[in-house]
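Inspection log for the structure reproduced underneath, given as structure tokens.
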Amino acid sequence: MQLRFDGVAFDLDHTLLVDNRLERVALLDLIVRIDASGAPMRLSLDRAGIVADEELFRYRNEGVDLDSMLRRFVERCGGSGGEAWVPWFRQRALDLVPRMVLPMPAAGRVLPALAEANLRIAALSNGPSPLQERKAAQIGFYYPVLTSEQIGSSKPDPAAFELLATTMGLEAERIAYVGDDPYMDIAGALEAGFAGIWFDGGSKPYPADIPPPTATILSLDELLPLLAKPAV
Ligand SMILES: [Mg+2]
């Protein structure tokens, strides 16, 4: 089979897998632990969940580091010393992976088919190491995984995509990048010279203020036919 591309690279969260917000669960568990350790937190976990969502958003999207995120989260919940829980939080998130991470439907059959078709495969994810690697391994993704924490740049920065192409040993235009986030994944990939394949998760329409994706899919099953050259 002739292919239009030589490589395919993936976003992880909401593209190849869902983690059912395991870092949020780890944050709420942290509140329970601190409360049980003799420092009463005096708030409901529902209220702590609202704070957790806000702080995780800043952590993921605004470059806030883990120490600062935990310090702010615990302070906003009425405690102190959250940064001292960084090792515990990292381990707790890792421990939650087997119970909470689910592969996206079709990932288990599509990834081997792509490899069988001689496409090089990798992932580029905004997130911490080794959590993102552990999540990838949980769904049987044993190809290279680049994380923003590891490489020091985040999507949509073209530098992150350029490092991805280097890792894959391919020119950017020979790689299709697949992701669910129009701004982080598709706009970033297109700017770096990749094809951008938008995995439409159904929650929002594609925004009109950025370049359109090279193609849109509703299921990972659509990938192999899309990447294959038309029969001649
Ligand atoms: Mg995603």
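Among the residues of the range 5-18, write down those that are out of contact with any strand residue (DSSP E or B) (no Cβ under 6 Å at 6 or more places or on another chain) and closer than 14 Å to residue 141 by Cα.
13 - this is the single residue of the range 5-18 that is out of contact with any strand residue (DSSP E or B) (no Cβ under 6 Å at 6 or more places or on another chain) and closer than 14 Å to residue 141 by Cα.
In this structure, does residue 65 turn out to be among the acidic types (Asp, Glu), closer than 30 Å to residue 193 by Cα and under 21 Å from the mean Cα position of the chain (by Cα)?
Taking the combined requirement at face value, the residue satisfies it.
Quick check on my filter: what residues within the range 173-183 are more than 15 Å from residue 16 (Cα to Cα), within 13 Å of the ligand (Cβ to nearest atom) and surrounded by 21 or more Cβ atoms within 10 Å (Cβ to Cβ)?
182 - this is the single residue of the range 173-183 that is more than 15 Å from residue 16 (Cα to Cα), within 13 Å of the ligand (Cβ to nearest atom) and surrounded by 21 or more Cβ atoms within 10 Å (Cβ to Cβ).
Kindly provide the set of residues from the range 184-215 that are closer than 22 Å to residue 111 by Cα and more than 15 Å from the ligand (Cβ to nearest atom), ordered by number.
Of everything in the range 184-215, those that are closer than 22 Å to residue 111 by Cα and more than 15 Å from the ligand (Cβ to nearest atom) turn out to be 194, 195, 214, 215.
Can you pull out the residues in the range 138-169 that are closer than 24 Å to residue 106 by Cβ and in contact with a strand residue (DSSP E or B) (Cβ under 7 Å, 6 or more places away or on another chain)? Step through it out loud before you land on a result.
Taking the range 138-169 and keeping what is closer than 24 Å to residue 106 by Cβ, we get 138-147, 155, 164, 168.
Matches in the range 138-169: 139, 141, 143, 144, 145, 146, 147, 155, 164, 168.
With 33, 47, 21, 92 as the choices, which residue is out of contact with any strand residue (DSSP E or B) (no Cβ under 8 Å at 6 or more places or on another chain) and within 16 Å of the ligand (Cβ to nearest atom)?
Being out of contact with any strand residue (DSSP E or B) (no Cβ under 8 Å at 6 or more places or on another chain) and within 16 Å of the ligand (Cβ to nearest atom) holds for just one of 33, 47, 21, 92, which is 21.
Considering each residue of the range 193-216, count those that are touching an Asp or Glu at 6+ places or on another chain (Cβ under 6 Å) and open to solvent by less than 50 Å² (accessible area, probe 1.4 Å), and give that number.
Of the residues in that region, 2 qualify.
How many residues are within 13 Å of residue 74 (Cβ to Cβ) and of a type outside the set (Asp, Glu) if we restrict to the range 43-61?
4
The values are calculated or read from the model by the stated rules, or taken from the named source; none is laboratory data. The structure presented is a predicted model; accordingly, all values stated were derived computationally and were not measured. Backbone-built Cβ (ideal geometry, glycine too); neighbour counts: all protein chains shown. When the accessible area is computed, the model is the full protein with side chains, heavy atoms only, and any ligands, DNA or RNA have been set aside. Shrake-Rupley method; radii C 1.70, N 1.55, O 1.52, S 1.80 Å.
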